Each structure stands twice: as structure tokens, then as C-alpha cells.
Amino acid sequence: MQILPVDLVALMGTILGISIVLVPVIGLTARFALKPVVEALSRLFEARGADDSMRLLERRLDLQEEQIDALQNAIRSLNEGREFDRQLSAEARAPAALPGASDRTGSS
């Protein structure tokens, strides 16, 4: 078997001549073939990002509701304590107003 010499100039000319036509054809084909795939992926990632932000907002809202409930409970207990103090001070100022208070003061 005899090996023939390869003409590199002719080979390179043929490759470059074919690539002048094939590169734009491949580019247009890839653009039209991949465009729907890229758009679908972008919509998917956009929807996923919206879901993540919605979960984050829901979590923040839940935390704020818990804080509001805690503040309302604190205010309720402060009001109860204030009312208890008011009742104690009213009883301390007017011991005669209590039933049986005159019996206790007269027997001493």
C-alpha cells in the first residue's frame, strides 16, 4: 500500500470554503432550534424566582403576625396589672367602704 502526500493548502482551502457556508447555516439553525428552549428555561427560572420570593414574603408576614400577637399579649397583661394596682390602691384609700370594716376598727 502506497501513502500519497497530502496537499495541506488544498485541504485548508476546502475546509475554509465549506465553513464559509456552514457556519452561518449552523448559527441560524441553532438560533431557531434553541430559541424556544431558552425561552422556556427563562420562564421556568422566572417562575421559580417568583415562588421563592412569595415564600419569603409569606414567612416575613407570619413572623410579623407572631410579633403582633406577642405585643397584644404584653399589652393585655400590662392592662391587667394596671387594673389590679388600681383596685389595690382604691382599697387602701377607702378601707371603711369595705363591708365589715367598721366592726374591725371598733373592736381594736
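Bear in mind these aren't lab numbers, they're just calculated from the coordinates by the rules spelled out. Computed from a predicted model, the values in this text were never measured in an experiment. So basically every Cβ, Gly included, is an ideal-geometry build from the backbone, and we count neighbours across all protein chains shown.
Using a simple spin-label model with pseudo-atoms 7 Å out from Cα toward Cβ, residue 85 and residue 8 lie 9.9 nm apart.
Taking every DSSP helix (H) stretch of at least 4 residues in the chain, weighting each as -39,500 (n - 2.57) and dividing the sum by the residue count yields a mean residue ellipticity at 222 nm of -32000 deg cm²/dmol. When Rg is the radius of gyration of the Cα atoms in the chain and Rh is its Kirkwood radius, what does Rg/Rh come to? For the chain, the value is 1.85.
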